[in-house]
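Just so you know, all these numbers are worked out from the coordinates, no wet-lab data involved. Everything numeric in this text was worked out from a predicted model, so none of it was measured. Note that each Cβ is placed from the backbone with ideal geometry, even for glycine, and that neighbours are counted across all protein chains shown.
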Amino acid sequence: MRWPWFSREPREQEFDEEIQAHFAMAVRDRIERGESPEAAEQAARREFGNRTRIHEITREVWRWNWLDRIWQDVRYGLRMMRRAPAFTAVAVLSLALGIGANTAIFSLINTLMLRLLPVREPEQLVELLHQFPNEPRLNADFDAYLHLRDNNQVLSGLIAASRPHSSQVSVEDSETESIDAQYISGSYFEVLGVQPAIGRLIGPADDSETADPVAVVSWSYWQSRFNLDPAIVGTQIRFRDSPVTIVGVTQPEFFGIPPPALAQIWVPLSTDVLIGGAATSHGMAMIGRLKPGVSLDQAKAELSTLYFQTFDQAKLKTDYYLSRLKFDLEPARASPTLLRDRFARPLLFVMAVVGLLLLIACTNVASMLLARGAAREREMALRVALGAGKIRLLRQMLTESLLLSTAGTLIGAGLAYFGAGALVRIIASGRMIGLPRALEIPVEPDSRVLLFTTGVALLTGVLFGLVPALRAMSAAPASSLRAAGKGVETRFGRLFGNSLVVSQVALSVLLLSAAGLFLHHLSNLRDGLGFEQNNLLLLRLDPEGSGYEAEELSNASRQLLDRLETIPGVRSAAFSGMTPISGAGWSQHVNVEGYQDKPGERRYLSLNAVSPGYFETYGTPLLAGRNFTFQDYGGPRVAVINQTMARFYFGDGNPIGKRFTIEGDEEPYDIVGVAGDAKYIDPQEPTLKTIYLPRLRGSNFTLRTDAAPAAIVGEVRRAVSDVLKGVKIDRVTTMADQVDAAMVPERLTALLSVVFGALGSLLAAIGLYGLLAYTVARRSNEIGIRMALGATRGDATRMILWDALRMVAAGLVLGIPIALWSKRFAASVMEDLPIGNPAPIALGATAMVVVALLAAYLPARRAASVDPIVALRHE
Amino acid sequence: MARNEHPRNRVDLLQGTLDMLVLQTLRWKPQHGYGIGQAIRAGSDDFFQIETGSLYPALHRLEKRGWIESQWRTSEHNQRAKYYQLTAEGQKQLTHEHSRWNEMSAAISRLMNPANNEGQTS
């Protein structure tokens with residue numbers, strides 16, 4: 001069989017010739033019969049009928065499949081696109097933005113929430129969690145691990161794994177480096193069903209204090225540190241100052257679970273016990289594999305019973321909090337539950353936002369197509385008159401819109417690729433609740449993303465193409481041919497075009513007010529921190545292995561504090577056990593003298609050990625009493641409390657001189673001062689009742705600088721190595737970064753909703769502009785007549801502006817109630833949104849009016865410059 | 001759609017009948033499209049005037065099926081034209097269709113003229 005498109009041109013020519021011959025013979029016959037040449041030709045032509053149609057039907061015979069027909073439509077569509085480059089560019093770009101945004105967000109959702117773990121039968125895996133009332137779900141208590149593992153009938157395996165934890169490693173005699181280590185139970189790899197790339201993986205026998213200490217490293221670490229040298233198996237390295245032997249390497253796609261834990265080295269839990277149990281204190285995840293046929297509920301019921309057996313049974317009944325503790329089981333087939341809990345809602349919001357954006361883009365292109373369809377009505381009518389089938393026309397129009405959406409998708413996918421990368425960098429700059437480390441998330445497009453994008457492209461193509469296509473199909477040749485170019489437009493066409501713009505305006509108002517809402521929320525969080533976050537440099541030391549005794553370290557810390565304050569550009573320096581918004585905290589049970597706890601009241605209070613310069617450095621005001629002095633350190637027990645605590649325990653009374661005890665220690669503390677409220681662990685939480693104690697314990701220094709903190713980092717490092725020899729610097733960062741890291745979901749939502757809101761209103765502006773420009777072109781006769789009858793240029797301008805404003809007004813009438821309703825909906829899903837504030841919606845509405853007037857400006861000018869003579873002559 | 005100036009054109013040939021007529025026309029000698037059209041018209045005493053829009057698709061369809069083949073030649077009036085001729089395959093098809101046609105028309109006659117049987121079928 002010949003491929004039709006290779007032989008297309010010769011066959012067409014041949015057929016032309018054949019028809020030509022037929023025609024010539026027919027004329028000749030008629031002349032021979034005695035007709036005049038002219039009459040003969042006319043008669044033959046009439047007899048012949050519609051030549052194009054014959055051509056088309058005959059060609060159809062040779063079509064060997066539908067692909068061929070589509071190819072022809074596509075070529076025609078491409079020709080139409082080339083013929084209107086501005087139209088094509090705007091349409092494709094609108095769609096690219098819409099589709100790109102959707103693809104980017106979806107690939108993020110895919111990565112964070114849908115992608116499966118690279119392990120055997122991941123759908124059997126479950127994560128063990130528990131939850132106190134009004135708190136996020138947390139990992140279930142690791143103390144229950146052995147009891148659960150050894151007594152359950154529902155799991156084929158239960159493993160425990162620490163959060164990856166930065167650890168010092170040295171290979172041979174090279175410099176030590178920090179890599180992320182995950183401490184795992186011996187059955188970890190076995191239960192997950194992961195295979196080694198080379199060597200062997202850790203097995204149950206390795207997880208014993210008598211076994212030789214071993215480790216497994218990741219492929220990426222093997223690659224970067226050992227150049228994939230197979231001799232790595234059997235190599236001895238120093239892991240946190242004790243020797244371990246590397247026995248194997250994991251496959252490249254395995255990074256540890258629960259993701260996004262990116263571990264570079266795995267060691268058995270027994271190793272952790274040997275080095276003092278540091279890792280388990282950073283939180284342990286427990287993951288089980290359900291036995292085949294066991295349902296989630298069944299497993300949950302049994303494990304829950306077992307779990308609560310490990311608690312103090314008396315306390316379980318009487319303790320307010322413990323009695324309300326819930327055990328939970330979550331499928332771990334996709335991403336880590338805790339990460340999902342944190343990002344799911346913001347991401348779904350953003351997904352809704354980009355969905356709206358795409359809708360705006362679609363409406364935009366639809367209204368442009370419709371306006372153009374009116375311009376092409378003559379063409380369509382002609383084609384119908386020439387015998388083009390209606391289905392054929394519909395197919396052609398849909399092909400054209402699908403071409404637009406395909407082009408938009410290709411560009412959009414490119415945008416999404418970079419966009420998703422940038423978004424991931426933002427997410428990666430964040431930390432999770434209770435996890436003071438950054439995350440890393442590999443985002444790669446997979447088949448699911450591809451499927452999604454293709455689906456979106458098809459849907460949009462049909463969505464914005466269908467109505468214009470149906471309109472084209474119903475084109476009545478006679479009336480259209482007569483009317484086209486004379487500015488007659490059907491009532492339906494005008495109404496539909498207007499309603500598209502109106503809905504664009506409404507959607508944009510919705511997007512803009514969402515943007516305002518999320519921005520406002522973000523700035524509320526920043527303003528509510530209770531300290532001045534800019535120009536603060538944070539320095540964390542790692543005294544482990546330095547050989548300093550606690551007492552010594554405390555004295556040296558004070559020396560370092562003095563030294564740091566002498567650095568030029570440093571206004572003040574402070575020392576603290578914790579830095580705010582680091583994701584970690586210190587809390588204890590506290591009894592305030594003279595205060596009777598109500599049953600079920602939480603007496604856990606947050607504490608921090610600080611130096612006297614702390615409040616000054618952070619810019620947190622002292623509201624009453626006095627600050628610490630260095631005489632307080634090691635002297636009589638005193639404390640400063642925050643306002644929330646003062647108000648809670650003492651109401652309007654004076655807290656100075658009142659006393660409290662910390663549980664487990666009967667000697668009381670005197671309250672000597674009250675400080676302003678400040679956020680402690682997370683910016684999103686309500687202010688915690690906080691106690692500041694004068695102690696030099698911990699290893700965090702904070703510097704208040706005059707200018708950008710980065711400039712003095714070198715000086716700071718030198719000061720540390722001078723004063724505290726052998727103590728490593730664990731981390732140098734700024735408070736601004738630390739705060740940013742804690743507000744990733746909010747920043748992400750705000751950033752994206754602002755960007756997409758702006759894009760949405762830009763698209764609406766383009767839509768409005770297009771419609772008005774088209775209106776002016778169409779009504780130039782009318783405007784000309786009006787002007788000839790005495791209307792001024794101002795009248796013409798006003799007419800067009802009035803048109804624009806009417807549409808915007810209609811859009812606002814539609815959009816504002818939807819925005820109000822969505823706000824309430826958003827607040828029901830996301831806590832603490834500042835929905836009481838009407839400013840965002842008002843701002844969005846104002847912005848739309850401004851945008852509309854801008855979009856209307858050019859068409860209005862053009863209307864004003866209509867020359868009545870020219871317009872009328874045109875008639 | 002197209003103005004209806006040749007009422008007899010509108011006689012809708014039974015599906016496949018035109019194909020059979022074309023094959024029948026080409027039984028003895030090769031012919032070009034116009035010639036085929038004229039032959040059918042003359043052979044049916046002007047009853048069938050085959051539209052060009054039906055004829056050419058039919059010709060191309062038959063060619064695609066391999067029942068006829070084509071060749072460019074010069075006509076008696078020195079006009080280059082595409083001549084179609086029957087293939088062996090086409091010959092077989094014609095025989096088959098012819099016998100089927102006979103059976104069918106006999107059956108239809110019987111149905112349409114139930115009173116006067118046998119003798120009347122000419």
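Fewest neighbouring Cβ atoms within 10 Å first, the residues B:63, B:89, A:377 line up as B:89, B:63, A:377.
Using the Cβ-Cβ distance between residue A:550 and residue A:251 with R0 = 56 Å, the FRET efficiency computed as 1/(1 + (r/R0)^6) comes to roughly 0.80. With respect to chain A, whose longest principal axis is taken over its alpha-carbon atoms, helix A:744-778 is tilted by about 20°. Computed across region A:126-236, the Kirkwood hydrodynamic radius from all distinct Cα-Cα pairs reaches 16.5 Å.
Projecting the alpha carbon convex hull of region A:756-875 along each direction and taking the average yields 8.2 nm². If R0 equals 25 Å, the separation of the Cβ atoms of residue A:309 and residue A:588 corresponds to a calculated FRET efficiency of about 0.35. Our coupling estimate for region A:208-221, obtained by passing each phi through the Karplus curve with A = 6.51, B = -1.76, C = 1.60 and θ = phi - 60°, is 8, 5, 9, 6, 5, x, 10, 8, 10, 10, 7, 4, 5, 6 Hz, Gly and Pro reported as x.
Think of each Lys and Arg Cβ as +1 and each Asp and Glu Cβ as -1; about the Cα centre, that makes the dipole of chain A roughly 4640 debye.
Over every Cα atom in region A:521-577, the radius of gyration and the widest Cα-Cα span, Dmax, amount to 15.4, 47 Å. Measure nothing fancy, just the Cα-based angle from helix A:713-723's long axis to the longest principal axis of chain A, in degrees from 0 to 90, nearest 10. Compared with the principal axis, the helix lies near 20 degrees. What the pair-distance distribution of chain A shows, using all Cα-Cα distances binned every 20 Å from zero, is 12, 32, 30, 17, 7, 2, 0 percent. Mind scanning A:658/A:679; A:326/A:689; A:679/A:725; B:29/B:64 and naming the pairs with a C-alpha gap bigger than 27 Å? Checking Cα-Cα distances, A:679/A:725 exceed 27 Å.
Normalised by residue count, region A:500-630 yields a Cα convex hull volume of 254 Å³ per residue. Take the Cα of residue A:708, step 7 Å along the line toward its Cβ, and report every residue of region A:551-574 whose backbone nitrogen sits under 17 Å from that point. Label zone hits: A:569-570.
Cβ crowding within 10 Å ranks A:641, A:691, A:70 as A:70, A:691, A:641, fewest other Cβ atoms first. Gain on full extension, evaluated as 0.36 nm per residue between residue A:348 and residue A:89 minus their Cα-Cα distance, stands at 90.2 nm.
Counting 0.36 nm for each residue step from residue A:235 to residue A:534 and taking away their Cα separation leaves a gain of 103.0 nm.
Applying 1/(1 + (r/R0)^6) with R0 = 30 Å to the Cβ-Cβ distance of residue A:526 and residue A:813 gives a FRET efficiency near 0.30. Ordering A:518, A:245, A:838 by the projection of their Cα atoms onto the charge dipole of the protein assembly as shown, which places +1 on the Cβ of Lys and Arg and -1 on the Cβ of Asp and Glu, puts A:838 at the extreme positive end.
Placing unit charges on the Cβ atoms of the charged side chains and taking the dipole of chain A about its Cα centre, the candidate lying farthest along the positive direction among A:31, A:807, A:222 is A:31.
Packing, as the average of other Cβ atoms within 10 Å across residues, places the peptides A:607-617, A:297-307 in the order A:607-617, A:297-307, highest first.
When the alpha carbon gyration tensor of region A:665-706 is reduced to an equivalent ellipsoid, the three semi-axes, largest first, read 22, 18, 12 Å. Distances between placed amide hydrogens fall under 5 Å for residue A:571 paired with A:704, A:705, A:706, all partners being 5 or more residues away or on another chain.
Summed over qualifying helices (DSSP H, 4 residues or more, each -39500 (n - 2.57)) and divided by its residue number, chain A shows a 222 nm mean residue ellipticity of -17500 deg cm²/dmol.
Could you work out how far apart the two model spin labels at residue A:178 and residue B:110 are, taking each label as a point 7 Å from the Cα in the direction of the beta carbon, and quote it in nm? It works out to 10.0 nm between the two label points.
Computed on region B:38-122, the Cα convex hull volume stands at 146 Å³ per residue. Rg over Rh for region A:716-789 works out to 1.62, both radii taken from alpha-carbon positions and Rh defined as the Kirkwood radius.
Subtracting the Cα-Cα distance of residue A:323 and residue A:837 from 0.36 nm times their residue separation leaves 181.1 nm of extension gain. In this simple spin-label approximation, residue A:391 and residue B:77 carry label points 7 Å from Cα along the Cα→Cβ vector, and these lie 3.9 nm apart. Taking every residue in B:28-34 and counting other chain Cβ atoms within 10 Å of its Cβ, the average works out to 3.
Hey, fewest Cβ within 10 Å first, where do A:618, A:669 land in order? Ordered from fewest to most neighbouring Cβ atoms within 10 Å, A:618, A:669 come out as A:669, A:618.
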